[in-house]
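Visitor: Structure provided below as structure tokens; questions to follow.
Readers should treat all values here as calculations from the given coordinates under stated rules, not as data from a laboratory. In this text, all values refer to a predicted model and were calculated from it rather than measured experimentally. Neighbour counts run over all protein chains shown; Cβ positions are idealised from the backbone, glycine included.
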Amino acid sequence: MRSNIFTLIFCVLAITAFSQKEIQKKFQTQFIDVSNGGTIELPAGTFQLDASLWLDEKKNVTIKGAGIDKTILNFKGQLSGAEGIKITNSSAITLQDLAVQDTKGDAIKTQMVDGITFKNVKAEWTNGGKKDNGAYGLYPVQCTNVLIDGCVAIGASDAGIYVGQSKYIVVKNSKAYQNVAGIEIENSLYADVFDNEAFNNTGGILVFDLPDLIQKEGGYVRVFKNNIHDNNHINFAPKGNTVGKVPQGTGLMILATRNVEAFENRIVNNISAGTAIVSYYITENPINDKSYKPFPSNIYIHNNYYDRPNVKATSKGRLGKMYKFKLRFGKNVPHIIYDGIVDKENPNRNICIRNNTNASFANIDAENGFKNKSRDMKPHDCEQSPLSPVTLSARSN
Amino acid sequence: MRKAFVVVGVVLLAVAVSSWRNVQSFKREDTLSAYGFFVGKLSDLKPAPGVYQYELNTPLFSNYAEKLRFIKLPDGGRAGYSDTAVFELPVGTVLIKNFYYANDFRKPEKGRRILETRLLVHENDGWQAYPYIWNDEQTEAQYDPAGETAQVTYVNQAGKKISTPYVIPNKNQCKGCHIRHSKMVPIGPSARQLNRDITSSAGTQNQLSYWQSLGLLDARSFETSPKLAQWDNTAALLNDRARAYLDANCGHCHSKGGPASTSGLFLDIFESDMSRLGVNKAPVAAGRGTGDLKYDIIPGDPDHSILVFRMKTNDPGIAMPEIGREQIHKEGVALIEEWIRKKTFAKND
């Protein structure tokens, strides 16, 4: 009897192992064989995969699951590939109604794709925010016409939704939580980020421009009507990553980017900085890239709603130490922080803050050892013409 | 009247060109044997006439698998020489790369197991990759674009028995390496990689001269041709060996026009800017690939250099290169560690 049970268990295990291998092969074959204009339908169920699924050089293809919580591709125990799904050198690709879990690297990376839509897609590390999780959840890079709609990103050790070195971007109706950065737009041009909820990340929404990249200068980013709240998660990014410097308790951070407009957001209960406007110098990293512009300019923060609990800012990390030992705000932490580092070649950087509800402010004069820090918002009481909405070009072939 | 002759001539020419193109067009076979690249027992990999074995100075590390490479040019076709770029290979060229493990690396006579054969074919509309997976009986290899994970067992140089998964990449993953400016291209057949001695039935001679004698390359002198160091030749300069290793293992992605250009880290042989080569360069979008370290290369300090950290793991979320690296290349790691420790990257000593 006992040996029969063992035989039975063995058989069941063998069948499972066999079918896993078959599933990997079946899905990957579909990714290779799909013809332009075709659809790959992934059935409902949880599928265990051990290598990346890769779609390359396709036009007008849809990869469709049975639902965001119905088709689950789980990559725990992955042997090969630095991401779960990878899509490259393609145009007009739609990924929808599925979840990717527990990849060793990024969950879904798309590179050199013109027209990439993520709709009702979840990228998740199921054990919550841990340093060993992959870097990015949804990760379009060097793409154009990017639409992220109704998506969810949980647990990324860098950014849940990360759009890098791309152009013409819309991120909306999405949720990001338990990531280091909830949503990040980096070295990217023409982005609208709206109607999203970013909460319980280290930083809710980040707009960054970093040196040493191929697409040098991002900007023309609008962040509006988002609910950016309770982003007080401990920073679990591996050191060496720029987001590792983001202080726990950051709502919206604009770093070294030009032409950013943030309005009608609800920015509440982020304990360290509801909104931070900073230059790259705040990272204290050396700058080797001579063409890089480290200062933010043409920033317009208006008509946002701010609130925060009566608690101290974080004391963790380098910037936490800055709060604790240099800024010494106590529990009266300003909602909006500007590093005050002056660009000598371009002293008027056009940083306007107006018509916000409950907003308090500090220019922390980081350049001069915080000596002349000021809570006077008046120097920034100015108006700017609004940025134009982003229009995505529909690509149908 | 005269005009009619011209028209007929043009039509004839068009027919001739299109039929020539038909001759050149490649038919993908389901089995490797169907191509007739090899004569005799398939697993002996004995090349048929017109198929030539070639060797590289510093090949890409692939999980300790050994590789046998062959090239077949179309009838009368020649490679276009370049000092810097991969040779211009005519439409109809097939590159044939076979991956195998000796059963016992110390005793080649104990046989080998071939796992996969990858064809890189220059077709009318560009290069295409066609992967073939060998059967356990070693009698045939079957076209399989989806790849799979095989288990391999062998005895390594140190006499240790190794049992390890070997991931046979899928067709798209071929492009993970073989891509430049979004187009599929070969990597190996460049002057710097081929400029070495090779032993054939014609004796030992310089490989470029040998190709010339076979009519595969135009007549020219190779005296000034660049030569990549052999990474494991301890008689060569440390910097040359390390840069050759990085060029062959990283440079195909980490170069301008390569997929890893997003990182701003360039490891090809032509890079001369120390920051772009990684010296005191902060990582970009590396995630946990940083291993809590700050810079790609810290001169004198390999233990705190991200470059070494990512070579020293086989975690697929961290390991570099991203594919074909289920094992750690200990000897390669040792070379790069020594290079960083001795800070030789700026000078030739």
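Visitor: Where Lys and Arg each count +1 and Asp and Glu each count -1, what net charge lies around residue B:165 among other residues with Cβ under 9 Å from its Cβ?
Guide: Every neighbour counted, the sum reads -2.
Visitor: Taking the DSSP beta bridges in the protein assembly as shown as the whole, what percent of them are antiparallel, to the nearest 5? Can you show the working numbers first?
Guide: On the way: 51 of 176 bridges.
Close to 30 percent.
Visitor: Something else: Kindly provide the pair-distance distribution of region B:73-149 built from C-alpha pairs, with 10 Å bins from 0 and whole-percent values in order of increasing distance.
Guide: 16, 35, 28, 20, 1
Visitor: Let me ask something else. So, in Å, what gap is there between the alpha-carbon centers of region B:135-206 and region A:348-397?
Guide: Cα centres, region B:135-206 to region A:348-397: 54 Å.
Visitor: Right, here's the next one. Output the relative contact order of chain B, whole-number percent, from Cα pairs under 8 angstrom with separation of 6+ residues.
Guide: 14 percent
Visitor: Then there's this: Evaluate the distance, in nm, between pseudo-label points positioned 7 Å from the Cα of residue A:149 and of residue B:110 along their respective Cα→Cβ axes.
Guide: 6.1 nm
Visitor: Based on the alpha-carbon gyration tensor of region B:135-280 and its eigenvalue square roots a ≥ b ≥ c, which shape applies: rounded if a/c is under 1.5, prolate if not and a/b is larger than b/c, or oblate?
Guide: In terms of gyration-tensor shape, rounded.
Visitor: Of the options A:369, A:294, A:379, report the single residue whose Cα projects farthest towards the positive end of the charge dipole of region A:284-386 (beta-carbon charges: Lys, Arg +1; Asp, Glu -1).
Guide: A:369
Visitor: With a 10 Å cut-off between alpha carbons and a GNM built on chain A, which of A:103, A:62, A:202 moves the most?
Guide: The residue that fluctuates most here is A:62.
Visitor: Rounded to two decimals, what ratio of Rg to Rh does region A:171-240 give with C-alpha atoms and a Kirkwood Rh?
Guide: In region A:171-240, Rg relative to Rh is 1.00.
Visitor: Can you flag which of A:109/B:175; A:312/B:294; A:131/B:161; A:293/A:344; B:183/B:256; A:109/A:172 are past 23 Å Cα-Cα?
Guide: A:312/B:294; A:131/B:161
Visitor: For a label point 7 Å from the Cα of residue A:346 along Cα→C-beta, name the residues of region A:289-308 whose backbone N is under 15 Å from it.
Guide: Backbone N within reach: A:290-300.
Visitor: Further question: Calculate, for residue B:33 and residue A:325, the FRET efficiency according to 1/(1 + (r/R0)^6) with r their C-beta to C-beta distance and R0 60 Å; round to the nearest 0.05.
Guide: That pair, residue B:33 with residue A:325, gives E of 0.20.
Visitor: Okay, next question. In a Gaussian network model over chain A where Cα atoms closer than 10 Å are linked, find which of A:294, A:238, A:286 has the largest mean-square fluctuation.
Guide: Sorting by GNM fluctuation, first place goes to A:286.
Visitor: Let me ask you something else. Would you kindly calculate the mean projected area, averaged across all directions, of the convex hull enclosing the Cα atoms of region B:238-346, in square nanometres?
Guide: Averaged projected hull area, Cα only: 5.8 nm².
Visitor: Would you tally the net charge around residue A:48, using a Cβ to Cβ cut-off of less than 14 Å, leaving residue A:48 out, and scoring K and R as +1, D and E as -1?
Guide: +2
Visitor: What trypsin sites (Lys or Arg not before Pro) does region B:265-349 have in DSSP loop regions with at most 13 other beta carbons within 10 Å?
Guide: B:347
Visitor: Build a GNM of chain B with springs between Cα atoms under 10 Å: which of B:290, B:313, B:234 gets the top mean-square fluctuation?
Guide: B:234
Visitor: I would also like to ask the following. Using only Cα atoms, what Kirkwood radius does region B:25-213 have, in angstroms?
Guide: For region B:25-213, the Kirkwood estimate is 17.5 Å.
Visitor: Which length gain, in nm to one decimal place, applies between residue A:79 and residue A:57 when the Cα-Cα distance is subtracted from 0.36 nm times their residue separation?
Guide: 5.5 nm
Visitor: Helix B:2-24 versus the longest principal axis of chain B: what angle, 0 to 90°, nearest 10, using Cα atoms?
Guide: 40 degrees
Visitor: Would you mind telling me the antiparallel percentage of the DSSP bridges in region A:289-374, rounded to 5?
Guide: 10 percent
Visitor: What does the convex hull of the alpha-carbon atoms of region A:322-397 project to on average, in nm²?
Guide: 8.9 nm²
Visitor: Oh, and also: Compute the FRET efficiency between residue B:333 and residue B:237 as 1/(1 + (r/R0)^6), taking r as their Cβ-Cβ distance and R0 = 22 Å, and round to the nearest 0.05.
Guide: 0.70
Visitor: Any idea what the relative contact order of region B:25-213 is, in percent, if you count C-alpha pairs under 8 Å spaced at least 6 apart?
Guide: On the way: 367 pairs, mean separation 37.5, N = 189.
Normalised by residue count, the contact order of region B:25-213 is 20 percent.
Visitor: While we're here: Name the long-range amide H neighbours of residue A:107: under 5 Å, sequence gap of 5 or more, or other chain; modelled H, no Pro or chain starts.
Guide: Hits under the 5 Å cutoff: A:84, A:136, A:137.
Visitor: For residue A:139, what is the net charge nearby, where nearby means another residue's Cβ is under 13 Å from its Cβ and Lys, Arg count +1, Asp, Glu -1? Could the numbers behind the result be given before it?
Guide: Numbers: positive: A:86, A:109; negative: A:83, A:106, A:158, A:184, A:186.
Counting the neighbours of residue A:139, the net charge comes to -3.
Visitor: Running Debye on chain B with equal point scatterers at the Cα sites and no solvent, what base-10 log of I(q)/I(0) appears at q = 0.07, 0.10, 0.12, 0.13 Å⁻¹?
Guide: -0.33, -0.67, -0.95, -1.10
Visitor: Counting pairs of Cα atoms in chain A, how many percent are more than 38 Å apart?
Guide: 22 percent
Visitor: Report, in deg cm²/dmol and to the nearest 500, the calculated mean residue ellipticity at 222 nm for chain B, where each DSSP H run with n ≥ 4 adds -39500 (n - 2.57) and the sum is divided by the residue count.
Guide: So the calculated ellipticity at 222 nm is -6000 deg cm²/dmol.
Visitor: Can you give the three extents of the C-alpha atoms in the protein assembly as shown along their principal axes, from longest to shortest, in whole Å?
Guide: 85, 77, 75
Visitor: In whole Å, what three semi-axes, largest first, describe the equivalent ellipsoid of region A:279-353 built from its Cα gyration tensor (square root of 5 times each eigenvalue)?
Guide: Listed largest to smallest, the semi-axes of region A:279-353 are 26, 19, 10 Å.
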